[in-house]
Amino acid sequence: MGNRLPPGQFETEKWPILHQGDVYEFNEATWDFRLFGEVKEEISLSYEEIMKLPKTVSTVDMHCVTTWSKFATTFEGIAFRDLMKIVAINENVKYVKIYGYYNGDRFGYSANLPLDALLGDDALFVYRWKDQNHEWQDITPKHGYPLRFIPPATFYLWKGTKWASGIRFMKEDEAGFWEELGYSMTANPFKEERYR
Ligand SMILES: Nc1nc2c(c(=O)[nH]1)N[C@H]1C(S)=C(S)[C@@H](COP(=O)(O)O)O[C@H]1N2
Ligand SMILES: [Mo]
(Lines give C-alpha, C1' and ligand atoms only; values in the text may rest on other atoms or scores of the structure.)
(Ligands and ions follow the chains in the order given, each with its own letter.)
Protein backbone atom coordinates (compact mmCIF):
# COMPACT_ATOMS: atom_id res chain seq x y z
CA MET A 1 0.00 0.00 0.00
CA GLY A 2 2.40 2.67 -1.27
CA ASN A 3 0.86 6.11 -0.96
CA ARG A 4 -2.09 5.16 1.16
CA LEU A 5 -1.70 8.05 3.60
CA PRO A 6 -2.41 11.36 1.86
CA PRO A 7 -0.05 14.30 2.48
CA GLY A 8 -0.59 16.18 5.74
CA GLN A 9 -2.63 13.34 7.29
CA PHE A 10 -1.89 11.03 10.25
CA GLU A 11 -3.33 7.57 10.81
CA THR A 12 -5.66 6.85 13.73
CA GLU A 13 -7.34 3.58 14.71
CA LYS A 14 -10.14 5.49 16.41
CA TRP A 15 -13.14 6.77 14.50
CA PRO A 16 -13.56 10.38 15.65
CA ILE A 17 -16.92 12.16 15.53
CA LEU A 18 -17.23 15.46 13.72
CA HIS A 19 -20.23 17.46 12.63
CA GLN A 20 -22.11 20.71 13.00
CA GLY A 21 -25.45 20.91 14.75
CA ASP A 22 -27.60 18.34 16.54
CA VAL A 23 -27.46 14.59 16.23
CA TYR A 24 -30.54 13.57 14.21
CA GLU A 25 -32.90 11.27 16.10
CA PHE A 26 -34.30 8.64 13.74
CA ASN A 27 -38.09 8.54 13.38
CA GLU A 28 -39.16 6.01 10.79
CA ALA A 29 -42.64 7.57 10.46
CA THR A 30 -41.32 10.90 9.17
CA TRP A 31 -38.12 9.67 7.51
CA ASP A 32 -37.80 9.27 3.76
CA PHE A 33 -35.06 9.40 1.17
CA ARG A 34 -35.60 11.50 -1.94
CA LEU A 35 -34.13 11.32 -5.43
CA PHE A 36 -34.81 14.69 -7.04
CA GLY A 37 -33.48 17.56 -9.17
CA GLU A 38 -32.68 16.69 -12.81
CA VAL A 39 -34.82 13.53 -12.89
CA LYS A 40 -37.75 12.44 -15.04
CA GLU A 41 -39.78 11.80 -11.91
CA GLU A 42 -38.96 12.43 -8.27
CA ILE A 43 -38.77 9.39 -6.06
CA SER A 44 -39.34 9.13 -2.34
CA LEU A 45 -38.27 5.95 -0.55
CA SER A 46 -39.39 4.87 2.91
CA TYR A 47 -36.91 3.29 5.30
CA GLU A 48 -38.42 -0.10 4.52
CA GLU A 49 -38.04 0.44 0.78
CA ILE A 50 -34.44 1.58 1.15
CA MET A 51 -33.55 -1.44 3.27
CA LYS A 52 -35.00 -3.81 0.64
CA LEU A 53 -32.50 -2.63 -2.00
CA PRO A 54 -29.44 -4.77 -2.81
CA LYS A 55 -26.66 -4.60 -0.21
CA THR A 56 -23.00 -3.91 -0.86
CA VAL A 57 -20.09 -4.55 1.51
CA SER A 58 -17.03 -2.41 0.95
CA THR A 59 -13.82 -1.65 2.84
CA VAL A 60 -12.71 1.97 2.56
CA ASP A 61 -10.20 4.46 3.96
CA MET A 62 -11.56 7.68 5.44
CA HIS A 63 -9.65 10.98 5.32
CA CYS A 64 -10.88 13.91 7.39
CA VAL A 65 -9.73 17.39 6.43
CA THR A 66 -8.85 17.98 10.12
CA THR A 67 -5.92 15.59 9.31
CA TRP A 68 -6.95 12.20 10.72
CA SER A 69 -7.19 9.19 8.43
CA LYS A 70 -8.76 5.87 9.38
CA PHE A 71 -7.83 2.93 7.18
CA ALA A 72 -9.91 -0.09 6.27
CA THR A 73 -13.33 0.32 7.81
CA THR A 74 -15.73 -2.24 6.33
CA PHE A 75 -19.22 -0.94 5.68
CA GLU A 76 -22.50 -2.53 4.68
CA GLY A 77 -24.89 -0.34 2.78
CA ILE A 78 -26.63 0.53 -0.44
CA ALA A 79 -24.29 1.41 -3.28
CA PHE A 80 -24.90 4.80 -4.89
CA ARG A 81 -25.02 3.02 -8.25
CA ASP A 82 -27.89 0.81 -7.09
CA LEU A 83 -29.95 3.94 -6.41
CA MET A 84 -29.14 5.07 -9.96
CA LYS A 85 -30.97 1.96 -11.21
CA ILE A 86 -34.29 3.07 -9.75
CA VAL A 87 -34.27 6.68 -10.96
CA ALA A 88 -34.36 8.00 -14.52
CA ILE A 89 -32.11 11.04 -14.70
CA ASN A 90 -32.08 13.75 -17.35
CA GLU A 91 -29.36 14.06 -19.96
CA ASN A 92 -26.13 15.83 -19.07
CA VAL A 93 -26.37 15.27 -15.34
CA LYS A 94 -22.76 15.49 -14.14
CA TYR A 95 -22.98 16.33 -10.43
CA VAL A 96 -24.97 15.45 -7.36
CA LYS A 97 -25.55 16.96 -3.98
CA ILE A 98 -26.04 14.53 -1.12
CA TYR A 99 -28.27 16.07 1.52
CA GLY A 100 -28.58 15.34 5.22
CA TYR A 101 -30.16 16.62 8.40
CA TYR A 102 -28.82 19.73 10.10
CA ASN A 103 -30.55 20.97 13.26
CA GLY A 104 -33.89 19.47 12.27
CA ASP A 105 -33.75 20.70 8.67
CA ARG A 106 -33.71 17.57 6.52
CA PHE A 107 -31.88 19.33 3.70
CA GLY A 108 -29.72 21.56 5.94
CA TYR A 109 -26.44 19.78 5.22
CA SER A 110 -25.16 18.96 1.76
CA ALA A 111 -22.01 18.03 -0.10
CA ASN A 112 -21.43 18.19 -3.86
CA LEU A 113 -19.74 15.41 -5.80
CA PRO A 114 -19.16 14.45 -9.46
CA LEU A 115 -21.53 11.67 -10.51
CA ASP A 116 -18.94 9.64 -12.43
CA ALA A 117 -16.83 9.16 -9.28
CA LEU A 118 -19.67 7.47 -7.42
CA LEU A 119 -20.38 4.42 -9.54
CA GLY A 120 -18.07 1.91 -7.83
CA ASP A 121 -18.36 -0.23 -4.70
CA ASP A 122 -16.64 2.49 -2.66
CA ALA A 123 -19.52 4.99 -2.71
CA LEU A 124 -22.36 3.85 -0.51
CA PHE A 125 -25.07 4.76 1.96
CA VAL A 126 -24.19 2.76 5.05
CA TYR A 127 -25.88 1.57 8.23
CA ARG A 128 -23.45 -1.08 9.55
CA TRP A 129 -19.70 -1.27 9.99
CA LYS A 130 -16.82 -3.29 11.41
CA ASP A 131 -13.05 -3.02 11.52
CA GLN A 132 -10.06 -4.92 12.91
CA ASN A 133 -11.04 -3.87 16.46
CA HIS A 134 -14.83 -4.03 16.18
CA GLU A 135 -17.44 -6.64 15.28
CA TRP A 136 -20.31 -5.82 12.92
CA GLN A 137 -22.55 -3.20 14.48
CA ASP A 138 -25.02 -0.50 13.46
CA ILE A 139 -23.48 2.91 12.95
CA THR A 140 -24.31 5.05 15.97
CA PRO A 141 -26.60 8.10 15.80
CA LYS A 142 -23.48 10.30 16.08
CA HIS A 143 -21.98 8.67 12.98
CA GLY A 144 -25.18 9.21 11.00
CA TYR A 145 -27.77 6.53 11.81
CA PRO A 146 -29.96 5.39 10.12
CA LEU A 147 -28.20 6.11 6.82
CA ARG A 148 -24.94 7.81 6.12
CA PHE A 149 -22.96 8.36 2.94
CA ILE A 150 -19.35 7.19 2.71
CA PRO A 151 -17.45 8.69 -0.25
CA PRO A 152 -14.57 7.05 -2.13
CA ALA A 153 -11.16 7.65 -0.44
CA THR A 154 -10.34 10.18 -3.16
CA PHE A 155 -12.62 12.66 -1.33
CA TYR A 156 -12.27 14.16 2.12
CA LEU A 157 -14.84 12.85 4.55
CA TRP A 158 -16.94 16.01 4.74
CA LYS A 159 -18.33 14.72 1.41
CA GLY A 160 -19.77 11.89 3.53
CA THR A 161 -23.16 13.25 4.53
CA LYS A 162 -24.49 11.85 7.82
CA TRP A 163 -28.24 11.40 8.43
CA ALA A 164 -28.62 11.30 4.66
CA SER A 165 -32.00 12.43 3.34
CA GLY A 166 -31.61 12.47 -0.42
CA ILE A 167 -29.70 12.98 -3.64
CA ARG A 168 -30.22 15.93 -5.95
CA PHE A 169 -29.06 15.39 -9.52
CA MET A 170 -27.53 18.45 -11.19
CA LYS A 171 -26.15 19.52 -14.58
CA GLU A 172 -23.82 22.12 -13.05
CA ASP A 173 -21.63 21.82 -9.99
CA GLU A 174 -22.91 23.68 -6.93
CA ALA A 175 -21.25 24.24 -3.55
CA GLY A 176 -22.59 22.41 -0.51
CA PHE A 177 -22.40 23.23 3.21
CA TRP A 178 -18.60 23.27 3.68
CA GLU A 179 -17.84 24.30 0.12
CA GLU A 180 -19.88 27.50 0.70
CA LEU A 181 -17.66 28.17 3.71
CA GLY A 182 -14.49 27.97 1.64
CA TYR A 183 -13.66 24.28 1.42
CA SER A 184 -12.71 22.62 -1.85
CA MET A 185 -15.28 21.68 -4.50
CA THR A 186 -13.17 18.67 -5.59
CA ALA A 187 -11.64 17.75 -2.18
CA ASN A 188 -9.05 15.16 -3.25
CA PRO A 189 -6.91 14.31 -0.17
CA PHE A 190 -4.07 12.97 -2.32
CA LYS A 191 -3.80 16.40 -3.96
CA GLU A 192 -4.40 18.14 -0.60
CA GLU A 193 -7.40 19.99 -2.00
CA ARG A 194 -8.61 21.30 1.35
CA TYR A 195 -9.71 24.87 0.54
CA ARG A 196 -10.83 26.70 -2.52
N1 LIG B 1 -25.35 15.84 8.14
C2 LIG B 1 -24.05 16.09 8.34
N3 LIG B 1 -23.14 15.26 7.79
C4 LIG B 1 -21.83 15.47 8.00
C5 LIG B 1 -21.36 16.57 8.74
C6 LIG B 1 -22.35 17.44 9.29
O7 LIG B 1 -22.04 18.43 9.97
N8 LIG B 1 -23.68 17.15 9.09
N9 LIG B 1 -20.01 16.77 8.91
C10 LIG B 1 -19.11 16.17 7.91
C11 LIG B 1 -17.73 16.21 8.32
S12 LIG B 1 -17.00 17.73 8.29
C13 LIG B 1 -16.99 15.07 8.59
S14 LIG B 1 -15.34 15.14 8.84
C15 LIG B 1 -17.65 13.74 8.67
C16 LIG B 1 -17.29 13.08 9.97
O17 LIG B 1 -17.88 11.81 10.09
P18 LIG B 1 -17.73 11.00 11.44
O19 LIG B 1 -18.18 11.87 12.57
O20 LIG B 1 -18.57 9.78 11.26
O21 LIG B 1 -16.27 10.66 11.58
O22 LIG B 1 -19.07 13.85 8.57
C23 LIG B 1 -19.50 14.74 7.55
N24 LIG B 1 -20.93 14.61 7.42
MO1 LIG C 1 -14.71 17.46 8.67
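Please give me, ordered by residue number, the GluC sites (Glu not before Pro) of the stretch 141-188 that lie in loop per DSSP and have at most 13 other Cβ atoms within 10 Å. Could the numbers behind the result be given before it?
Details: sites: Glu172, Glu174, Glu179, Glu180; in loops: Glu172, Glu174.
Passing both the DSSP loop test and the Cβ count: Glu172.
Quick check: residue separation of Phe26 and Thr74 times 0.36 nm, minus the Cα distance between them. What number comes out in nm?
Additional length available on full extension: 15.0 nm.
How much area per residue is accessible in the stretch 73-147 when the probe is 1.4 Å and only protein heavy atoms are counted (Å²)? Present the calculation step by step, with values, prior to reporting the outcome.
On the way: 3190 Å² over 75 residues.
Accessible surface, normalised per residue, equals 42 Å².
For the stretch 8-25, just list the computed ³J(HN,Hα) in residue order, Karplus coefficients 6.51, -1.76 and 1.60, θ = phi - 60°, integers in Hz, with x standing in for Gly and Pro.
x, 10, 10, 8, 10, 8, 6, 10, x, 10, 9, 6, 9, x, 6, 6, 5, 9
Spin-label point model (7 Å from Cα, Cβ direction): what's the Tyr195 to Lys94 distance in nm?
2.7 nm
For the chain, with all protein chains present and a 1.4 Å probe, just round the carbon and sulfur fraction of the accessible area to a whole percent.
Carbon plus sulfur share of accessible area: 48 percent.
What value, in deg cm²/dmol to 500, does the helix sum -39500 (n - 2.57) over DSSP H runs of n ≥ 4 give at 222 nm once divided by the residues of the chain? Kindly include the intermediate steps, with their values, before the conclusion.
Values: 3 runs with 14 residues, N = 196.
Estimated from H runs of four or more residues: -1500 deg cm²/dmol.
Filter the trypsin sites (Lys or Arg not before Pro) in the stretch 1-95 to those in DSSP coil with at most 16 other Cβ atoms within 10 Å of their Cβ, and list the result.
Sparse-neighbourhood loop trypsin sites (Lys or Arg not before Pro): Arg4, Lys14, Lys40, Lys52, Lys55, Lys85, Lys94.
Just flag the GluC sites (Glu not before Pro) in the stretch 1-95 sitting in loop per DSSP whose Cβ has no more than 12 other Cβ atoms within 10 Å.
Glu13, Glu25, Glu28, Glu41, Glu42, Glu91
Take the chain, drop everything but the C-alpha atoms, weight them equally and run the Debye formula without solvent; then report log10 I(q)/I(0) at 0.08, 0.11 Å⁻¹ to two decimals.
-0.23, -0.46
If R₀ is 45 angstrom, what is the calculated FRET efficiency for the pair Lys85 and Phe10, using the beta carbon separation as r and rounding to 0.05?
Taking R0 as 45 Å, the efficiency between Lys85 and Phe10 is 0.70.
The values are calculated or read from the model by the stated rules, or taken from the named source; none is laboratory data. A quick note: this is a predicted structure, and the numbers were derived from the prediction, not measured. Counting neighbours? That spans all protein chains shown, and the Cβs are built from the backbone with ideal geometry, glycine included. Heavy atoms of the whole protein, side chains included, go into the accessibility calculation; ligands, DNA and RNA do not. Shrake-Rupley method; radii C 1.70, N 1.55, O 1.52, S 1.80 Å.
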